[in-house]
Each structure stands twice: as C-alpha cells, then as structure tokens.
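A.B. asks: Starting off with a structure, shown below.
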Amino acid sequence: MTTRTEAELSLIGALLVSPELLPYASGEVSPNEFYDERAGQLYRHILELAQEDRQIDAVTLIQRAGEDSKELIMRCVELVPVASVKSVQAYAGLVREEAKRRVAGERTAAIYEMLEEHEPLEKIQAQAEELAQGLVETGTDDETTIFDGLTRMYERLEEKREYIKTGFSSLDRCLYIDRGDYIILGGRPSAGKTAFSLALAQRMAQRLNGVYF
C-alpha cells in the first residue's frame with residue numbers, strides 16, 4: 001500500500017470511527033480527488049449517508065457499498081482506531097495535495113507533448129504559466145452540495161465571534177458591531193452626536209486602527 005493510498009484509507013477509517021468529524025473533511029476534499037477509486041467510492045458513500053441523515057459506521061458503509069468492500073472497509077478501521085479533528089484535517093490535506101500533484105503531472109506531460117508536436121509557443125507558454133501559478137483544477141469546481149454548504153454555514157455560526165465594544169455596556173448588550181458594518185448615528189441638532197461619536201471612536205481606537213472624519 002503506497003503512502004497516498006494509506007492517507008486515503010486512513011481518512012475513511014477516521015470518519016468511520018468519528019463520523020461527527022466529517023465536516024472537517026467534506027469541505028477540504030471531494031471523492032474524485034482520491035487516487036484509489038475504491039476509496040473515493042467509499043468516501044462518496046459516506047457523504048451520501050450523511051446527506052440522508054443515516055448512521056455512519058462500518059456496518060452501514062458495507063451495506064451501502066456491498067459485501068465486496070468489507071475487507072477494504074475493515075482495513076480502514078484498523079488503520080485508525082482513534083480519530084481527532086487534527087488527524088482528519090491532516091489526512092484530507094494529504095489526499096488533496098496528492099490530487100494536486102497528479103493533475104500537475106498530467107498538465108506537465110501535456111505541455112511536453114505540445115512541444116513534441118511543435119504547437120505554437122504562445123499556447124505552450126500560456127499552459128506553462130497557468131501551471132506555474134497554481135491555477136490547475138484538481139477535480140473540484142465552484143458547485144457544492146447542499147450538505148457541504150450547510151456544513152460550512154454551521155461551522156461559521158459556531159465560531160466564537162468577538163464584536164467591537166463601544167464602551168457603553170447598555171449598547172453592547174444589544175448592538176453587535178463587527179468589522180465592515182455601516183452604522184448611522186442619528187439625533188436632533190445639538191443632541192451630542194459629535195461628542196458621542198468621538199467617544200465611540202476613542203474607545204474603539206484602544207484596540208483597533210481607525211480614522212475619524
């Protein structure tokens with residue numbers, strides 16, 4: 001078993017041991033980025049089970065993939081008896097990195113073939129620049145499944161947000177100021193808008209850079 005195949009099977013094993021860690025893999029790597037087609041198919045089945053809100057373990061995966069896959073699935077589980085966020089992210093990163101290398105190799109071979117066939121140099125140069133700039137597609141596109149989209153959304157919602165304090169506790173309890181917000185301060189003439197806005201700016205400038213006009 002090669003290193004690249006081992007990383008793919010380890011990712012499958014980690015997800016079977018700790019299926020709750022699937023979001024850390026689904027946002028990073030897609031089934032068609034797997035070198036081992038069997039592992040890629042198992043990963044696809046795991047994503048399907050998650051979309052159907054079904055239990056994800058060795059039994060359900062064997063049921064979905066077929067008895068022929070039982071030996072491979074059990075090998076995946078044996079590779080990773082315990083899984084963590086870091087391990088899943090590491091395995092997914094290795095799978096994606098290897099996919100990039102494969103595509104880069106295929107593109108390099110294509111450029112060499114263009115040279116052999118005396119293609120226009122401008123066309124060859126464009127291909128070489130695209131490869132050098134890392135603009136090679138690795139099997140993923142801008143489209144995403146509903147499951148992946150919701151997963152990313154919930155991850156963002158669960159992230160701890162640190163809002164900008166105004167210095168007025170009564171305001172901070174109901175006003176959550178974040179970077180990029182556009183806030184209008186309104187009031188009657190001579191009501192103290194300028195003094196109040198200066199107090200806000202002074203408070204915020206204690207922790208952040210700011211400009212006052």
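The values are calculated or read from the model by the stated rules, or taken from the named source; none is laboratory data. Treat the numbers as computed from the prediction; the structure is a model and nothing was measured. Every residue, glycine among them, receives a Cβ derived from its backbone with ideal geometry; neighbour counts consider all protein chains shown. Just so you know, the surface numbers come from the protein's heavy atoms only, side chains and all, with ligands and any DNA or RNA stripped out. Shrake-Rupley method; radii C 1.70, N 1.55, O 1.52, S 1.80 Å.
A.B. asks: So, in the stretch 78-95, exactly how many residues are in contact (Cβ under 8 Å) with a residue 12 or more places away in the chain and open to solvent by 40 Å² or more (accessible area, probe 1.4 Å)?
C.D. replies: Number satisfying all stated conditions: 9.
A.B. asks: Looking only at the stretch 96-115, count how many residues are open to solvent by 60 Å² or more (accessible area, probe 1.4 Å) and in contact (Cβ under 8 Å) with a residue 24 or more places away in the chain.
C.D. replies: Count: 1.
A.B. asks: On to the next question. Looking at Ala65, Ala104, which is the one that is modelled with pLDDT under 90 and small (Gly, Ala, Ser)?
C.D. replies: When all the criteria are applied, what remains is Ala104.
A.B. asks: Let me ask something else. Suppose we keep only residues that are under 16 Å from Gly167 (Cβ atoms) and touching a Lys or Arg at 6+ places or on another chain (Cβ under 8 Å) within the stretch 179-206. Which one would you say is surrounded by the most Cβ atoms within 10 Å (Cβ to Cβ)?
C.D. replies: Applying the filter and picking the extreme gives Met204.
A.B. asks: Tally time: how many residues in the stretch 19-60 are closer than 18 Å to Leu79 by Cα and open to solvent by less than 10 Å² (accessible area, probe 1.4 Å)?
C.D. replies: 7
A.B. asks: Something else about it: Looking at (1) more than 30 Å from Phe196 (Cα to Cα); (2) within 23 Å of the chain's Cα centre (by Cα); (3) surrounded by fewer than 10 Cβ atoms within 10 Å (Cβ to Cβ); (4) at pLDDT 65 or above, which one does Pro120 not meet, given that it meets all the others?
C.D. replies: So the condition that Pro120 fails would be (2).
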